[in-house]
């Protein structure tokens, strides 16, 4: 599984479901060449099954082969519950479970959706049709935010009685001071540091972050620094943009542990066009770092504007002015960071996430 928010959640769920109550098998595919596998070195675990034909890219032959392999795994395991996550695994896994014609309770989790921002309308219509059919045969539908659930219900995917919201949960990470974190990652103490984390894809809109930073540099080019962490098809173009405009943005690539990068930051910048929840916002909160984020998807269910973060339009000029204002107001920044941490610890812990799943599974079988 490629290292990312959903993968971390699934591994945590797999590891933390109590063995005295559940026997849990994790079935996964393979990563692309440029991705980090969060399960590397763990495939000897008998409760982790890797299907090597299952990858991100669509392939009729490989996908049909994957369907048959998942079906075989399920036939041998004979589970009471099959819980699927992500788009392709959700389709193939549910079809495999349905095809066995056994009394299996089927659960699917939506970590965001593809209703807008990803594909042309024709493809979206195919996705919606497929999801409607599968939702009809699914016993429980889980969304990672209220907004994701509302969007999918508006598309008439699943009846309302099948829906439940389970927000993601974050593990409590090591506490690192800002100075220690900056020393560790090699950034200057006196600069206002903006951190951006995500895949360099159109949906994450890294160019909005770069354009905002370009405008920010025009306001004061001696005070601000930005780190953009991740990988993806737009990374090279973003690096070229930074170099051409002499922005000095740091691109360390994808990192298996971003705790130090978050702890070193003054703010987290999120520029997504669509977002299920935005786990990195809660991760930043744990480090007393508030997010400045576009108001998309379930982001507003964490960020209460001007209370524990800032919600912004997808406008580079507005983003630049907002960050410039925060940099001048140290007291407001500290307050936002403290409230972001409090929000994470109150509502978005991994223990709550696992317990909510435990309750959902038991209710499904009762």
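Computed from the coordinates by the stated procedures, all read-outs in this text should not be read as laboratory data. None of these values were measured; they are calculated from a predicted model.
Relative to its residue count, the stretch 66-186 spans a Cα convex hull of 181 Å³ per residue. Spread over its residues, the convex hull of the C-alpha atoms of the stretch 1-125 is 129 Å³ per residue. Can you tell me how the stretch 21-87 classifies by the Cα gyration tensor, rounded, prolate or oblate, using a/c under 1.5 as the rounded cut? It is oblate, given that a/c is not under 1.5 and a/b is not larger than b/c.
Relative to one another, the C-alpha centroids of the stretch 227-248 and the stretch 96-141 are positioned 35 Å apart. The spread of Cα positions in the stretch 254-326, taken along each principal axis and listed from longest to shortest, comes to 30, 27, 25 Å. Measuring nothing but how far apart in sequence close Cα pairs (under 8 Å, 6+ apart) lie, relative to its length, the stretch 178-347 scores a relative contact order of 24 percent.
Among the DSSP beta bridges whose two residues both lie in the chain, what percent are antiparallel, rounded to the nearest 5? About 5 percent, rounded to the nearest 5. Rounded, prolate or oblate, given the Cα gyration tensor of the stretch 1-54, with a/c below 1.5 counting as rounded? Prolate shape, in that a/c is at least 1.5 and a/b is the bigger ratio. Mean separation of Cα pairs under 8 Å and 6 or more residues apart, divided by the residue count, gives the stretch 21-119 a relative contact order of 21 percent.
Across the chain, Cα pairs under 8 Å and at least six residues apart give a relative contact order of 14 percent.
When the chain is treated as a Gaussian network with alpha carbon springs shorter than 10 Å, the biggest mean-square fluctuation among 57, 69, 304 belongs to 57.
Which of the three applies to the stretch 178-347, rounded, prolate or oblate, going by the alpha-carbon gyration tensor with a ≥ b ≥ c and a/c under 1.5 meaning rounded? It comes out rounded by the Cα gyration axes.
Largest mean-square fluctuation among 33, 346, 202, in a Gaussian network model of the chain whose springs join Cα atoms under 10 Å apart, belongs to 33. Taken as Cα centroids, the stretch 268-326 and the stretch 168-188 sit 19 Å apart, rounded to the nearest whole angstrom. Between residue 358 and residue 78, the contour length at 0.36 nm per residue exceeds the Cα-Cα span by 98.9 nm.
For the stretch 117-199, a Kirkwood radius taken over Cα pairs fed into Stokes-Einstein (37 °C, viscosity 0.692 mPa s) yields D = 196 µm²/s.
Largest GNM mean-square fluctuation across 48, 323, 310, computed for the chain with C-alpha springs under 10 Å, falls on 48.
Using the rule -39500 (n - 2.57) for each DSSP H run of four or more residues, divided by the residues of the chain, the 222 nm mean residue ellipticity is -14000 deg cm²/dmol.
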